Amino acid sequence: MKLNILKGIKAKEFTVFASLPDMGRVGGLVSSFLSQNLKTEPVAEIVSGDKPWVSYADGVVKSVSDVYKVYYDKKRELLIFTGESQPQDPGQLYTLCNMFLDYAQSVGEIRRLYGAGGYLREQLTGAPRVCGVANKPELKKLLARAGIDLVGSEITTITWFNGLILGLAGERGIDGIGLFGEIAETTVPQPLAAKSILTAFSKLEKIPLDTKALDRQYDSILEEIQKKKEPSKYGPGIG
């Protein structure tokens with residue numbers, strides 16, 4: 001795993017948003033939305049090539065690597081970490097989290113770190129709510145003032161990047177808040193859960209966000225699901 005600095009930046013104090021795809025790809029939807037819809041520029045990347053497999057196509061194999069990208073919005077002093085996947089090896093996951101945190105702390109003082117992900121609620125009805133966690137007890141007051149309920153007591157672990165990054169940040173004395181959007185389905189992207197998280201983040205950090213693109217994404221997903229459910233207009237046969 002290797003860190004590549006694309007542009008040197010320094011900030012006296014800044015906020016971090018770091019999340020990767022999880023259930024319903026919620027964490028990835030949120031961080032990628034921020035990187036694409038704010039005035040950001042790419043400043044670093046982490047490349048992981050330690051895969052126990054290769055890709056194959058048309059008789060040719062190639063080595064596989066994952067690229068995790070870091071963007072910075074200078075005006076809002078916001079550092080964003082995003083990617084298309086998560087490490088599947090726990091050791092690689094720890095390395096990724098610590099490498100990113102080392103880099104972020106080299107930029108300046110982290111005012112607060114946010115993470116995000118999906119919160120599976122199989123009996124979900126209506127618009128998805130956002131529930132939160134904090135890596136320090138005093139931060140629960142911040143969630144309460146924003147009208148964000150805590151994740152329920154039925155949850156005892158938050159796994160992989162979107163949980164681990166909050167715990168490791170806490171070990172370094174960095175304030176961390178996790179925002180988790182309710183979902184009832186894990187196998188298809190959940191843009192409405194991502195939208196609810198972004199709305200909560202916008203309120204907490206007073207950053208205006210236009211999330212209409214996520215509504216359009218949701219409509220497109222519904223259309224695709226409906227097409228798959230519709231019976232063919234043709235009977236059994238060939239051709």
*Looking only at the range 103-129, which residues are hydrophobic (A, V, I, L, M, F, W, C), at pLDDT 95 or above and not in a helix (DSSP H, G or I)?*
I110, L113, A116
*Residue check: is P87 free of Cβ contacts under 8 Å to residues at least 24 places away in the same chain and either outside any strand (DSSP E or B) or out of contact with any strand residue (DSSP E or B) (no Cβ under 7 Å at 6 or more places or on another chain) (or both)?*
no
*Among the candidates I174, I197, which residue alone is over 14 Å from G27 (Cβ atoms) and either touching a helix residue (DSSP H, G or I) at 6+ places or on another chain (Cβ under 7 Å) or touching a residue at least 40 places away in the same chain (Cβ under 8 Å) (or both)?*
I174
*Would you point out which residue out of A104, A116, A146 is among the hydrophobic types (A, V, I, L, M, F, W, C), surrounded by fewer than 21 Cβ atoms within 10 Å (Cβ to Cβ) and within 22 Å of N37 (Cβ to Cβ)?*
A146
*With the condition kept exactly as written, say whether any residue in the range 23-32 is at pLDDT 95 or above and in a strand (DSSP E or B).*
no
*asked:* From the list F100, F180, F81, exactly one residue is modelled with pLDDT of 95 or more, part of a helix (DSSP H, G or I) and in contact with a helix residue (DSSP H, G or I) (Cβ under 9 Å, 6 or more places away or on another chain). Which is it?
replied: F100
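The values are calculated or read from the model by the stated rules, or taken from the named source; none is laboratory data. Computed from a prediction, not measured in an experiment: that's the story for all the values here. Here the Cβ is made from the backbone with ideal geometry for all residues, glycine too, and neighbour counts use every protein chain on show.
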